[in-house]
Amino acid sequence: MSATIKKAVKAQKTPKIKQTKMLINNKWVDPIEGGAFETYNPATGEVIAKVGAAGAKDVNLAVTAARNALEKGPWARMDAADRGKLLFKLADLIDANAEELAQLETYNCGKTITDSRGDLIGTANSLRYYAGWADKIEGRTVPVRGNFLSYTLRQPVGVVGQIIPWNFPLFMLAWKWGPALACGNTVVMKPAEQTPLTALRVGELAIEAGFPAGVINLVNGFGETTGDAMVVHPGIDKIAFTGHVETAKIIQKRAADTLKRTTFELGGKSPNVVFADCDMEQAVAGAFHAIYFHCGQCCTAGSRLFIEQKIHKEFVERLAAKAKQRKVGNPLDEATEQGPQVSQEQLDKILRYVDIGEREGARLVTGGSRKGNKGYFVEPTIFDGVRDSMTIAKDEIFGPVVSVLPFKDMGEVIERANNTNYGLAAAIWTKNIDKAHNYARAIKAGTIWVNCYHVVDTTTPFGGFKMSGQGRENGETALEHYTELKTVTVNLG
Ligand code: NAI
Ligand code: MG
């Protein structure tokens, strides 16, 4: 944990909101046509601010600013190492303001203050990792036939439109800004309509860090308006999106007319497989964390929990005992383990799935209800006796609801684990290394965890097989998605 956060002051009752406008060309401006929308505290359901909503004309201004910065501004001529320096500076400013940002994140997103503090560390780390890459993005010389010199250049894709979700507002911002800016692109970002506030505060820090005008632009608003205006805009060269599979399908269609590059990081229904030869204590804690971390609002949530028959009964009992003890409540309270879901819409969606689970004949072991009548809290929920064909075993619920599926052996569980349109993550709990590596090889998913879960680091590629995504974020790989490759051939006479 960073020193700044260790010294964290006790979380305040009402974090301060400093910025609600749009950031275009390093100026804070009101929308000219989009109006405003309300944003909430999910712990109470109360409106906490009105935020500027960008219409198509506003998006156009942001794109124009980003285009000018890309082609004419100091950014275009800046040494790569100096782009890195700006990212390092921004990371330092985020560290210096981490506690304020963590509290604001919790206030608007509902994640526990402990989780928000963790996200802030990850946010700064991610920016630093890509800051280090800025002057290491290299081309190659290629041994072509004939008396020619051929070499490749990696150049920015251009103006990048980045559309992010509400579950990790600042973390997602860093994953998108880091590689884009290290590679010399300029950015128009749309945060999620549920969580518009922390990105704006980081926008202020980006100006303070010294990013030239137009390099980073922030437009808030809804997907069907602001987001769509970005997707169809001919001045945007690439859309990087994280969110729902159905939204990605719309974006891909809407981006077709301009043949924009697109990268997608989408949902999952990740299989978490527990063998009888696991360390039981570790596996129970791991399966618990896999589903309940951030109220199940993770694209990698371990929502299909396959348990070997021999230990199935005991495992479920131990998991249920933990679920019943979980402290659900005010996310600003340091003792709280689980905060509210992000919105009324998500709360309703989760409760609808609980209903479907019961109607289709799964056994509700614990939870299943809303907690309290204020805010969007849901009890940690376990369904046992789930069959692969049931809706709750197939759909992404995005809440604290786990489906337990007993299994007999490796061959069977691999087939069942892969029987999904998703392929984001998977885990296995066993002390047998043959099993672990065979499983890792056989599962069609972008991330495999062995005896751990949700271990995600900026240094390693992250993304999905099948309908869980296109392209990879993080690691060196992300740089490929933020650069165009150019071949230069010189006649040597
Ligand atoms: P969403 O995919 O609608 O929203 C994500 C982002 O896309 C937001 O910024 C939104 O404004 C934008 N967006 C929505 N429609 C758009 C459009 N037509 N054009 C351009 N941008 C658009 O996800 P939503 O509605 O917030 O959540 C629905 C479900 O999606 C969740 O219940 C969950 O299952 C899944 N989800 C998955 C996430 C992940 O990390 N993979 C994150 C958030 C949601
Ligand atoms: Mg949506």
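For the stretch 111-120, 3J(HN,Hα) computed residue by residue from phi via the Karplus equation (6.51, -1.76, 1.60; θ = phi - 60°) reads 6, 5, 4, 5, 5, 4, 4, x, 4, 5 Hz, glycine and proline entered as x. Axis of helix 245-254 versus longest Cα principal axis of the chain: the two differ by about 30°, to the nearest ten degrees. Quick one: helix 309-325 against the long Cα principal axis of the chain, what's the angle to the nearest 10°, folded into 0 to 90? On a 0 to 90 degree scale, this one is about 70. The stretch 366-384 and the stretch 469-492 have Cα centres separated by 45 Å. With a cut-off of 13 Å between beta carbons, the residues surrounding residue 221 carry a summed charge of -3, where Lys and Arg count +1 and Asp and Glu -1.
Between residue 151 and residue 82, the simple spin-label model (points 7 angstrom out along Cα→Cβ) gives 2.2 nm.
Heavy-atom accessible surface of the stretch 281-327, averaged per residue, reaches 39 Å², computed with a 1.4 Å probe. The Rg/Rh ratio for the chain is 0.99, where Rg is the radius of gyration of the alpha carbons and Rh is the Kirkwood radius. In the chain, the calculated helix contribution to ellipticity at 222 nm averages -11500 deg cm²/dmol per residue, counting -39,500 (n - 2.57) for every DSSP H run with n ≥ 4.
Heavy atoms of the protein only, probe of 1.4 Å, neighbouring chains included. What is the accessible area of residue 477 in Å², nearest 10? For residue 477, solvent-accessible area is about 40 Å². For the chain, a simple Cβ point-charge model (Lys and Arg +1, Asp and Glu -1, everything else neutral) yields a dipole of about 380 debye relative to the Cα centre.
Heavy-atom accessible area for residue 46, with the other protein chains in place and a 1.4 Å probe, reaches approximately 100 Å². Element breakdown for the stretch 386-445 at a 1.4 angstrom probe: carbon and sulfur atoms account for 46% of the accessible area.
Close lysine pairs were tallied over the stretch 271-458: pairs 8 or more places apart or on different chains with Cα atoms under 21 Å apart number 22. In the full protein context, the stretch 356-480 carries 44 Å² of accessible surface per residue, based on a 1.4 Å probe and ignoring ligands, DNA and RNA.
Proximity of backbone amide H atoms, modeled 1.01 Å from N, is registered between residue 162 and 188, 189, 190, 240 at under 5 Å, excluding neighbours fewer than 5 places apart on the same chain. Using a probe radius of 1.4 angstrom, the carbon and sulfur fraction of the accessible surface of the stretch 282-331 is 50%.
Accessible area per residue (1.4 Å probe, heavy atoms of protein chains only) ranks 454, 437 as 437, 454, with the largest value leading. For a straight C-alpha distance cut-off of 24 angstrom, the lysines reachable from residue 238 (same-chain residues fewer than eight places away being disregarded) are 27, 57, 72, 136, 176, 190, 249, 253, 260, 466, 486. For the stretch 1-141, the per residue solvent-accessible surface stands at 47 Å², with DNA, RNA and ligands left out and a 1.4 Å probe. Report relative contact order for the chain in percent, whole number only (criteria: Cα-Cα under 8 Å, sequence separation at least 6). Answer for the chain is 18 percent.
Within the assembled protein chains, the solvent-accessible surface assigned to residue 376 is about 20 Å², based on a 1.4 Å probe.
In the chain, the DSSP beta bridges split such that about 45 percent are antiparallel, to the nearest 5. Multiplying the residue separation of residue 460 and residue 142 by 0.36 nm and subtracting their alpha-carbon distance yields 111.7 nm.
Under 5 Å between amide hydrogens, built in the peptide plane, is the criterion, and for residue 268 it picks out nothing among residues at least 5 positions away or on other chains.
Dipole orientation for the chain: of the candidates 241, 106, 312, 241 has the Cα lying most toward the positive pole (charges on Cβ; Lys, Arg +1; Asp, Glu -1). Of 38, 105, 345, the order by accessible heavy-atom surface (1.4 Å probe, DNA, RNA and ligands excluded), from most exposed downward, is 345, 38, 105. Largest first, the residues 485, 23, 149, 70 sort by 1.4 Å accessible area into 485, 149, 70, 23.
The values are calculated or read from the model by the stated rules, or taken from the named source; none is laboratory data. Bear in mind the structure is a predicted one, so any value in this text is a computation, not a measurement. Positions of Cβ are backbone-derived with ideal geometry, glycine not excepted, and every protein chain shown enters the neighbour counts. Keep in mind that these areas ignore ligands, DNA and RNA; they rest on the heavy atoms of the full protein, side chains included. Shrake-Rupley method; radii C 1.70, N 1.55, O 1.52, S 1.80 Å.
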